[in-house]
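Structure, as structure tokens:
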Amino acid sequence: MIGITPYGVRAGGSVATLSRMEVFAMDDTPKTTVTPPRMLDGGPLLIAGLQEHFRFENLAVLPTLWQRFRPYLGSVPGQIGNVAYGVCFNTDEADGFDYIAGVEVADAAAVPKDFASLRLAPQRYAVFTHAGHISAVRGTFLAIFNDWLPRSGLHSADAAVFERYDERFDSRTGLGGFEIWVPVKP
């Protein structure tokens, strides 16, 4: 690239005559494009499950919460249906947020004592489909919030964002796809 071997540089004793290259940062997040979302009015939901606080720069530990929650799937008292939810809420100014890996329940009174519950109010949502492996979800979120949302003419509403994992998703392989529900307002 600069026209001289490392041996030639050492033999010359100086790097002053070398042409310089501009330093640039590599973004290791693959560029993702999202298909236009469906716009839906979501009704109220009561989600119960395991909750932790995460930081955006350390999302690699989030799957451990799902590993801990997985044995409860299908056996949570009062569970409605077979859909799992990953709910992102209480985003703070220090780039952190609370996250519940859970299911919809009829009543939170009978859930295990180490569970948290969160009631989601009716809300307008832009619903995106993430079709690839779950490990690529960061790129989908970035495409939604950095590309689609600013161009949409809509704004993010002050409500929880959630992932909806139905029968298409295979938690053993991370494949099958799932939905990302983003609360929006005009």
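Looking across region 40-50 at every residue that is out of contact with any Phe, Trp or Tyr (no Cβ under 7 Å at 6 or more places or on another chain) and part of a strand (DSSP E or B), the one that is farthest from Trp181 (Cα to Cα) is identified as Leu46. When Pro122 is tested against (1) in contact (Cβ under 8 Å) with a residue 40 or more places away in the chain; (2) under 20 Å from Leu62 (Cα atoms), exactly one condition is not met: (2). Please indicate, with yes or no, whether at least one residue in region 60-83 is modelled with pLDDT of 95 or more and within 20 Å of Val182 (Cα to Cα). Yes, some residue in region 60-83 is modelled with pLDDT of 95 or more and within 20 Å of Val182 (Cα to Cα). Taking the criterion of being in a strand (DSSP E or B) and either under 18 Å from Arg164 (Cβ atoms) or open to solvent by 50 Å² or more (accessible area, probe 1.4 Å) (or both), would at least one residue in region 56-71 satisfy it? Scanning region 56-71, I find no residue that is in a strand (DSSP E or B) and either under 18 Å from Arg164 (Cβ atoms) or open to solvent by 50 Å² or more (accessible area, probe 1.4 Å) (or both), so the answer is no.
Evaluated against (1) modelled with pLDDT of 95 or more; (2) surrounded by fewer than 11 Cβ atoms within 10 Å (Cβ to Cβ), Leu45 falls short on exactly one condition, (2). Quick check: anything in region 48-55 without any contact (Cβ under 8 Å) to a residue 12 or more places away in the chain and among the aliphatic types (A, V, I, L, M)? Taking every residue of region 48-55 in turn, none turns out to be without any contact (Cβ under 8 Å) to a residue 12 or more places away in the chain and among the aliphatic types (A, V, I, L, M).
The values are calculated or read from the model by the stated rules, or taken from the named source; none is laboratory data. Worth saying up front: this structure is predicted, and the values here are computed from it rather than measured. With ideal geometry, Cβ positions are generated from the backbone for all residues, glycine too; neighbour counts draw on all protein chains shown. These area figures cover heavy atoms from the full protein model, side chains too; ligands, DNA and RNA do not enter into them. Shrake-Rupley method; radii C 1.70, N 1.55, O 1.52, S 1.80 Å.
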